[in-house]
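The values are calculated or read from the model by the stated rules, or taken from the named source; none is laboratory data. Just so you know, these numbers come straight off a predicted model, no measurement behind them. Cβ placement follows ideal geometry from the backbone for every residue including glycine, while neighbour counts extend to all protein chains displayed.
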Amino acid sequence: TKAQRAYNFNAGPSALPLEVLEKAQKELVDFQGTGMSLMELSHRSPAYEQVHNQAIANLKELMNIPDNYQVLFLQGGASTQFAMVPMNFLPADQKAAYVLTGAWSEKANKEAKMFGDTYVPFTSKETNHNRIPKLDELTFEDNTAYVHITSNNTIFGTEWFEFPDTGDIPLIADMSSDIMSHPVDVSKFAMIYAGAQKNLGPSGVTVAIVRDDLLARANIENVPTMLRYDTHVKNNSLYNTPPTFGIYMLGLVLEWAKEQGGLEAITKRNQEKAALIYDVIDASNGFYRGHAEKDSRSLMNITFRVSNEELEKQFLAEAKAAGFVGLNGHRSVGGCRASTYNAVPYEACKALSEFMIEFQKKNS
Ligand code: PLP
């Protein structure tokens, strides 16, 4: 019998591909003839190391990561990266630039200020973070240690599609909510990091992709061992016990992404999925109102309001009753949000778009 799958639009943790879950289920109590679950294997065993190294190799292949980058599997979520980045890469005699396009960039900036000086070249706060800056709106001061951006703003539903050329200044991106959703030129970034729980796998593992020349600049004298990138580089992310099951699941998601045809194919499908919903918003004559400006619209998190609050409550209640999960906007913004990550099927987006059309018909 086919598994009953919800229309899952959760923002994170979010949908995983059914094929991945079924493979994990099959292997759960006996991983490849070991007589043990993957969770029970030593992280020093050849069977686990194979899983670990294959996941790194597949991520490099899918994202086309050049050889002068290290791929790390860390713990503590993207939130720990907010602190680790400045702890390692913000020296006392420099400042870091934080482009503020949403709540997560604000949090990253707040953490950095505990370790050094930062400045804000741009914030979209005045317009409730409804847009990404145009590249000519950004200028960086001399003596900038790095520029930090949030490539997709999960809460507000905006996404960067072009990235600033920062010259010699390292560009660091929190890609937690759009990593692997479309091809990016990794060579533009000194570092990319992402919590896994949206496009990469379950929560519990955080991916960091760090360029060698940035690692070489790290200022690590008083940084605790676990919070130094070089510790994890030197030990292939096996300094201590890694989140083995999460890395295994991430590996299965990467295999799945390859079977989908890689990032070119995945981004095409993501564009089609998002268009289903944005098109309904745009054709609704104001019944639905998108939060983000059109050219900043995220393909991963679609944020919108229904024309009045009463109807919005009704929309969310009826959607829930119809089997749509996770459509409530983030508590800090309100409204509605449909997260259409890689693993959300086209059919789920199609069903939501039809539900939205129907709801408008009945209520206007
Ligand atoms: N950055 C972005 C863009 C996010 O969407 C999130 C979580 O949703 C975080 C950071 C925080 O990630 P974590 O929960 O892994 O610490």
- Note on the structure: Of the listed residues (211, 289), the one being charged (D, E, K, R), touching a Ser or Thr at 6+ places or on another chain (Cβ under 9 Å) and either modelled with pLDDT under 95 or crowded, with 19+ Cβ neighbours inside 10 Å (or both) is 211
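Would you mind stating whether residue 33 is surrounded by fewer than 16 Cβ atoms within 10 Å (Cβ to Cβ), over 21 Å from residue 257 (Cα atoms) and more than 18 Å from the chain's Cα centre (by Cα)? Even if it seems obvious, please write down each step before you answer.
Values: surrounded by fewer than 16 Cβ atoms within 10 Å (Cβ to Cβ): yes; over 21 Å from residue 257 (Cα atoms): yes; more than 18 Å from the chain's Cα centre (by Cα): yes.
So residue 33 fits the description; yes.
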- Note on the structure: Scanning the stretch 292-343 for residues that are over 18 Å from the mean Cα position of the chain (by Cα) and β-branched (Val, Ile, Thr), the one nearest to residue 199 (Cα to Cα) turns out to be 325
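For the stretch 138-160, what are the residues that are in a loop (DSSP other than H, G, I, E, B) and within 16 Å of the ligand (Cβ to nearest atom)? Outline the logic, then answer.
Looking only at the stretch 138-160, we keep the residues that are in a loop (DSSP other than H, G, I, E, B), and these are 138-143, 151, 154-157, 160.
Matches in the stretch 138-160: 151, 154, 155, 156, 157, 160.
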- Leading residue by the ranking (nearest to residue 17 (Cα to Cα)) among those in the stretch 295-345 that are crowded, with 16+ Cβ neighbours inside 10 Å and of a type in the set (Val, Ile, Thr): 344
- Over the stretch 176-187, the set of residues more than 16 Å from the ligand (Cβ to nearest atom) and of a type in the set (Val, Ile, Thr) is 186
- Query: Which condition breaks for residue 237 when tested against (1) of a type in the set (Gly, Ala, Ser); (2) touching a Phe, Trp or Tyr at 6+ places or on another chain (Cβ under 8 Å); (3) more than 29 Å from residue 27 (Cβ to Cβ)?
  - Reply: (3)
- Item | Of all residues in the stretch 64-116 being more than 12 Å from the ligand (Cβ to nearest atom) and charged (D, E, K, R), the one that is surrounded by the most Cβ atoms within 10 Å (Cβ to Cβ) | 95
- Task: Would you point out which residue out of 196, 173, 216, 190 is more than 16 Å from the ligand (Cβ to nearest atom), of a type in the set (A, V, I, L, M, F, W, C) and in contact (Cβ under 8 Å) with a residue 12 or more places away in the chain?
- Result: 190
- residue 348 meets each of (1) assigned to a helix (DSSP H, G or I); (2) in contact with a strand residue (DSSP E or B) (Cβ under 6 Å, 6 or more places away or on another chain); (3) surrounded by fewer than 22 Cβ atoms within 10 Å (Cβ to Cβ) with one exception, condition (3)
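Looking at the stretch 221-258 only, could you name the residues that are in a helix (DSSP H, G or I) and without any contact (Cβ under 8 Å) to a residue 24 or more places away in the chain? Before the answer, list the steps.
Within the stretch 221-258, the first condition is being in a helix (DSSP H, G or I), and the residues that meet it are 225-227, 229-234, 244-258.
Of everything in the stretch 221-258, those that are in a helix (DSSP H, G or I) and without any contact (Cβ under 8 Å) to a residue 24 or more places away in the chain turn out to be 225, 226, 230, 231, 234.
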